[in-house]
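Engineer: Just dropping this structure here.
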Amino acid sequence: MPIKILMPALSPTMEEGNLAKWLIKEGETISAGDVIAEIETDKATMEVEAVDEGTMGKILVAEGTEGVKVNEVIALLLEDGEDASALEGAASGVGGDGGGPQTAPAETPAAAVAPAAEAPTPAAPAAPVAASGERIFASPLARRLAAQNALDLKALTGSGPHGRIVKRDIDKAVSEGTGKAVAAPAAEAPKPAAAAPAPAMPTGPSSDQVLKLFEEGSYELVPHDGMRKTIARRLQESKQTIPHFYVTVDCELDALLALRAQLNAAAPTSKDGKPAYKLSVNDMVIKAMALALRDVPEANVSWTDEAMVKHKHADVGVAVSIPGGLITPIVRSAEMKPLSVVSNEMKDMGTRAKERKLKPEEYQGGTTAVSNMGMMGVKDFAAVVNPPHATILAVGAGEKRPVVKDDALAIATVMSVTLSTDHRAVDGALGAELLAAFKGYIENPMSMLV
Amino acid sequence: MSATSYDVIIIGSGPGGYVTAIRAAQLGLKTAIVEREHLGGICLNWGCIPTKALLRSAEMLDHANHAKSYGLTLEGKMTADVKDVVARSRGVSARLNGGVAFLMKKNKIDVIWGEAKLTKPGEITVGKSSKPVVEPQNPVPKGVKGEGTYTAKHIIVATGARPRALPGIEPDGKLIWTYFEAMKPDVMPKSLVVMGSGAIGIEFASFYRSMGAEVTVVEVMPQVMPVEDAEISALARKQLEKRGLKILTEAKVTKVEKGADSITAHVETKDGKVQTITADRLISAVGVQGNIEGLGLEALNVKTDRGCIVIDGYGKTNVPGLYAIGDVAGPPMLAHKAEHEGVVCIEKIAGLPNVHAMDKGKIPGCTYCNPQVASVGLTEAKAKEAGRDIRVGRYSFGANGKAIALGEDQGMIKTIFDKKTGELLGAHMVGAEVTELIQGFVVAMNLETTEEELMHTIFPHPTLSEMMKESVLDAYGRVLNA
């Protein structure tokens, strides 16, 4: 009997994925441990290793197929001595319990035991604006070809160094008919109708209703990719099911900036002259948020209908905008980690997030989140809570503002932050208490070091 | 009997093999390299490098012979001492050969001395070399591993190529030479027939002409350096003929009669006429062929095609765990192609992200005859053949200040753009130092610049490189100094 190779679950909650690429052709022999395929979920691309050895008999699910259900038979492996005739009849059906999955993700996310209220894939809220105004890396030739073919570079994924879009990406998009530029209004159109009353998934205006409002030929349609769909679904869910409540405070940053400069200047350097760490303001915000949650543990919670999930550690998700969307890698137990560790973990995960190389356990779960748009000059904004979190902190720009000190006008570097809470789990006063703790750490940053 | 086991074994230490080994070591793989004769392979010992040393001697001699046009008087006569010219060339090779040994040691790469044979997937045996040694051979490096069985998860064949022989005109090492003998003459031949005008043939023709020999080049194709752009080739031919080379194109050597210390070549031209040319020696430079024999490829059913191992874009053969790179994996048979192919192969093996197959359209080629020729990308003819609507720019050395100051006012730089997209499709050059200029266009092509970025680039004055920009400007009707 040929061995059935099943669509693997790359995370405990994965239900389906895209079969991005086969790395083995029919007739090629494989041994256990060989990478045979690449599977793409809505957030990451992962390699699949063979568990058994044999000859690839038949590929049943072609590469590029979307929405392949977990445990579906995707290929048949011939064992030693079997020939192709053994394939007949073996192809049908889902793997079920019989054979068990014959593939394993290249890096088994053993640690990814989902927290109680784990949802499929958290998408951080609040920053879908990131795509616009951000520099897109593309070769001059690719830019010109994109313009000539009416392609939107933002809709393309670059295969060049550091994700640079190059000619072959354009050629691919042209031959596959993807990446067509969309007229700006059309992109904004499919907002859910504000008055939609249905509890579960109310529908906004239909595609036809939206498109009817625009002259034909004045726009082009870009099909949603997995990430876009996830963002849309989860944020809509959040805003419809979570009663949001917002608290804003201003924090003076001068002491923090001074300490940061001092710490960075004191960073030991390695042999090649690189400093061991380089703290950003955001790293310190992450740390402050984690410590605040430690101090106000009632706010470090997740809501379930039956019980309050009180977390023992502050796992802080950090919204990272990447081409085509955003993702929220998580700094686990951030309250216990020195700033340098928080900083280096963020740097590493931020880089891999942009390459879409994060493992599910690196972005699933978390007990709170931070979304920082300060670097884009945003003064203040309110983020959408990302369940299972009960809170999310939206961080504005640090800017010099007039403040009153000792009844006199003075200048201070001030940063406004807005905490969104899930009011079911974190009441207003509790949110205020959490923010006060946060502000305490930001304005007395030395306390973060002890 | 336990075999020493590696992550990767590379067979052959030419430029492809040894560079791949270093990259493998950098990636943390336990690496060994097998060599039967000389670290650095043909390139470094009997090819690219020692010929450059010979050609440098030729260039010095040429300059001396034209000293007067620079206002210099040479008392007495400049003459070449063949022994010293060859000795210098061998010394250059020996120095680099030692350099490769050092690099292997520095990167903790085991060198296994001997001839490798694939016994089964993932295993080789290394025995005595079956190839007669070409003298002078450098001493076997210290600390090498010897004959025995070795295993590896990945085996990369990088065995290179050797001179191709035409039936009936097989090199004998005495009267009919390959590059091996042409590289180390005992006495300077007074006359030579060079069969084949590719890079190897034309470089030796150029060298021996500078050394004073009467040289006749016989080429079957309609132009010398057949892979080059026709216009560039024609210009090069004119210069070579001006230097006294005789060139017969669309002609082939049908028969060679050997005398006591001379050969007589029967050369048939397009019109069917046969002429005989008597010369001291004949150099056979009709291409190279992959070293696929004796490796045990047949037993493993490794797919080959026209003397080369068939690979995918990442060096993979049809046999899992077996890879091939460089000359043995197919044309173009160039050292820098082998190096890049090897790096792509090993990075793919190591599982690095974003590894892309080599784009064979962006491999530059350089020929070091006088005048030099260099190119990258499509020739004008090939671009048209591919159905591209093109713009062509040209700029002559005669209009460039630096070229005139150097006394090198013959040559041309030609650029070919796609008319619609501005893609740089090809660049072709003939003239002094162009082998050092071409890389500017290779970088431009690799970064996918269009004519616009090239026009916005500042080229230093006064340099030969200014001609590159002028050529681009010319393609768009904006040439400045012409």
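The values are calculated or read from the model by the stated rules, or taken from the named source; none is laboratory data. Keep in mind the model is a prediction, meaning the values are calculated, not measured. Cβ coordinates were reconstructed from backbone atoms using ideal geometry, including for glycine residues, and neighbour counts include every protein chain displayed.
Engineer: Would a scan of the range A:399-407 turn up a residue that is among the hydrophobic types (A, V, I, L, M, F, W, C), more than 23 Å from A:S238 (Cβ to Cβ), surrounded by fewer than 18 Cβ atoms within 10 Å (Cβ to Cβ) and assigned by TED's automatic domain parsing to the domain that holds A:N372?
Structural biologist: Checked against the condition, which is being among the hydrophobic types (A, V, I, L, M, F, W, C), more than 23 Å from A:S238 (Cβ to Cβ), surrounded by fewer than 18 Cβ atoms within 10 Å (Cβ to Cβ) and assigned by TED's automatic domain parsing to the domain that holds A:N372, the range A:399-407 yields at least one hit.
Engineer: Next question. Yes or no: the range B:57-69 includes at least one residue that is assigned to a helix (DSSP H, G or I), under 22 Å from the mean Cα position of the chain (by Cα), in contact (Cβ under 8 Å) with a residue 24 or more places away in the chain and buried (at least 20 other Cβ atoms within 10 Å of the Cβ).
Structural biologist: Scanning the range B:57-69, I find at least one residue that is assigned to a helix (DSSP H, G or I), under 22 Å from the mean Cα position of the chain (by Cα), in contact (Cβ under 8 Å) with a residue 24 or more places away in the chain and buried (at least 20 other Cβ atoms within 10 Å of the Cβ), so the answer is yes.
Engineer: Out of the residues in the range B:405-448 that are free of Cβ contacts under 8 Å to residues at least 24 places away in the same chain and in a helix (DSSP H, G or I), state the one that is nearest to the other protein chains (Cβ to nearest Cβ).
Structural biologist: Once the filter is applied, the top-ranked residue is B:A444.
Engineer: Sticking with this structure for a sec: Give the range B:142-165 a look and list any residue that's within 26 Å of the chain's Cα centre (by Cα) and not in a strand (DSSP E or B), or say none.
Structural biologist: Correct list: B:A158, B:T159, B:G160, B:R164, B:A165.
Engineer: How many residues are out of contact with any Ser or Thr (no Cβ under 7 Å at 6 or more places or on another chain), more than 16 Å from B:G290 (Cβ to Cβ) and away from chain A (no Cβ under 11 Å) when one looks only at the range B:318-348?
Structural biologist: 5
Engineer: Among the strands (runs of 3 or more DSSP E) contained in the range B:182-290, which hold 2 or more residues that are over 24 Å from the mean Cα position of the chain (by Cα)?
Structural biologist: Here the list reads B:251-258, B:263-269, B:274-279.
Engineer: State whether the residues of the range B:133-142 include one that is in contact (Cβ under 8 Å) with a residue 24 or more places away in the chain, buried (at least 19 other Cβ atoms within 10 Å of the Cβ) and β-branched (V, I, T).
Structural biologist: No, the range B:133-142 contains no residue that is in contact (Cβ under 8 Å) with a residue 24 or more places away in the chain, buried (at least 19 other Cβ atoms within 10 Å of the Cβ) and β-branched (V, I, T).
Engineer: Restricting attention to the range B:37-52, which residues are buried (at least 18 other Cβ atoms within 10 Å of the Cβ) and in a helix (DSSP H, G or I)?
Structural biologist: Matches in the range B:37-52: B:G41, B:I42, B:C43, B:L44, B:N45, B:W46, B:C48, B:I49, B:P50, B:T51.
Engineer: Given the structure, is A:A437 out of contact with any Cys (no Cβ under 6 Å at 6 or more places or on another chain) and free of Cβ contacts under 8 Å to residues at least 24 places away in the same chain?
Structural biologist: When the stated conditions are applied, A:A437 does not pass them.
Engineer: Looking at B:C369 and the list (1) more than 22 Å from the chain's Cα centre (by Cα); (2) part of a loop (DSSP other than H, G, I, E, B), which single condition is not satisfied?
Structural biologist: The single condition B:C369 does not satisfy is (1).
Engineer: Looking at the range B:111-135, which of the residues that are part of a loop (DSSP other than H, G, I, E, B) and within 28 Å of the chain's Cα centre (by Cα) is nearest to B:Y179 (Cα to Cα)?
Structural biologist: Among residues in the range B:111-135 that are part of a loop (DSSP other than H, G, I, E, B) and within 28 Å of the chain's Cα centre (by Cα), the one nearest to B:Y179 (Cα to Cα) is B:V134.
Engineer: Restricting the search to the range A:24-61, which residues are under 29 Å from A:Q364 (Cα atoms), away from chain B (no Cβ under 13 Å) and part of a loop (DSSP other than H, G, I, E, B)?
Structural biologist: Passing the criteria: A:T41, A:D42, A:K43, A:V51, A:V61.
Engineer: Regarding B:L282, is this residue touching a residue at least 24 places away in the same chain (Cβ under 8 Å) and in the same structural domain as B:S206 (by TED's automatic domain parsing)?
Structural biologist: The answer is yes for B:L282.
Engineer: Let me ask another. Name the single residue, out of those in the range B:304-317 being away from chain A (no Cβ under 14 Å) and not in a loop (DSSP other than H, G, I, E, B), that is farthest from A:E26 (Cα to Cα).
Structural biologist: B:C308
Engineer: Name the residue that is farthest from the other protein chains (Cβ to nearest Cβ), counting only residues in the range A:135-159 that are buried (at least 20 other Cβ atoms within 10 Å of the Cβ) and among the small types (G, A, S).
Structural biologist: Applying the filter and picking the extreme gives A:A155.
Engineer: Identify, please: which residue in the range B:188-222 is charged (D, E, K, R) and farther than 18 Å from B:V286 by Cα and is, among those, surrounded by the fewest Cβ atoms within 10 Å (Cβ to Cβ)?
Structural biologist: Ranking the candidates gives B:K190 first.
Engineer: Just the residues that are surrounded by 18 or more Cβ atoms within 10 Å (Cβ to Cβ) and under 13 Å from B:V218 (Cα atoms), please, taken from the range B:257-267.
Structural biologist: Across the range B:257-267, the qualifying residues are B:A265, B:V267.
Engineer: Which residues, counting only those in the range A:249-275, are of a type in the set (G, A, S), surrounded by 12 or more Cβ atoms within 10 Å (Cβ to Cβ) and more than 25 Å from A:A410 (Cβ to Cβ)?
Structural biologist: Of everything in the range A:249-275, just one residue is of a type in the set (G, A, S), surrounded by 12 or more Cβ atoms within 10 Å (Cβ to Cβ) and more than 25 Å from A:A410 (Cβ to Cβ), namely A:A267.
Engineer: Return yes when B:I169 is within 17 Å of B:H266 (Cα to Cα), aliphatic (A, V, I, L, M) and buried (at least 17 other Cβ atoms within 10 Å of the Cβ) and no when it is not.
Structural biologist: Considered against the rule, which asks whether it is within 17 Å of B:H266 (Cα to Cα), aliphatic (A, V, I, L, M) and buried (at least 17 other Cβ atoms within 10 Å of the Cβ), B:I169 comes out as yes.
Table: residues versus (1) crowded, with 23+ Cβ neighbours inside 10 Å; (2) touching a strand residue (DSSP E or B) at 6+ places or on another chain (Cβ under 8 Å); (3) outside the structural domain of A:L430 (by TED's automatic domain parsing).
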position: A:V296; (1), (2), (3): no, no, no
position: A:A299; (1), (2), (3): yes, yes, no
position: A:V309; (1), (2), (3): no, yes, no
position: A:A319; (1), (2), (3): yes, yes, no
position: A:T328; (1), (2), (3): yes, yes, no
position: A:R332; (1), (2), (3): no, no, no
position: A:S343; (1), (2), (3): yes, no, no
position: A:D348; (1), (2), (3): no, no, no
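Engineer: Which residues, taken from the range A:26-70, are of a type in the set (K, R) and more than 24 Å from A:T351 (Cα to Cα)?
Structural biologist: A:K58, A:K69
Engineer: Here is a further query. From B:I169, B:I156, grab the single residue that is in contact (Cβ under 8 Å) with a residue 24 or more places away in the chain, closer than 16 Å to B:V286 by Cβ and among the aliphatic types (A, V, I, L, M).
Structural biologist: B:I169
Engineer: Let me spell it out: the conditions are (1) assigned by TED's automatic domain parsing to the domain that holds B:I22; (2) in contact with a strand residue (DSSP E or B) (Cβ under 7 Å, 6 or more places away or on another chain), and B:K348 meets all of them except one. Which number is the exception?
Structural biologist: Tallying (1) assigned by TED's automatic domain parsing to the domain that holds B:I22; (2) in contact with a strand residue (DSSP E or B) (Cβ under 7 Å, 6 or more places away or on another chain), B:K348 fails exactly one: (2).
Per-residue answers, yes or no, for (1) in contact with a Cys (Cβ under 7 Å, 6 or more places away or on another chain); (2) closer than 30 Å to B:A350 by Cβ; (3) not basic (K, R):
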| site | (1), (2), (3) |
| --- | --- |
| B:G143 | no, yes, yes |
| B:K153 | no, yes, no |
| B:A161 | no, yes, yes |
| B:Y179 | no, no, yes |
| B:M195 | no, no, yes |
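Engineer: For the range B:1-59, which positions are touching a Leu at 6+ places or on another chain (Cβ under 7 Å) and within 15 Å of B:R90 (Cβ to Cβ)?
Structural biologist: B:G40, B:L44, B:I49
Engineer: Search the range A:16-66 for residues being among the hydroxyl-bearing types (S, T, Y) and under 23 Å from A:A353 (Cβ atoms), and hand back the single one that is surrounded by the fewest Cβ atoms within 10 Å (Cβ to Cβ).
Structural biologist: The extreme case among them is A:T45.
Engineer: I've got another one for you. List the pairs whose first member sits in the range B:449-460 and is within 12 Å of chain A (Cβ to nearest Cβ) and within 19 Å of A:A142 (Cα to Cα), whose second member is exposed (fewer than 14 other Cβ atoms within 10 Å of the Cβ) and not hydrophobic (A, V, I, L, M, F, W, C), and whose Cβ atoms are under 8 Å apart, counting only residues at least 6 apart or on separate chains?
Structural biologist: Final answer for the pair search is B:M455/B:R478.
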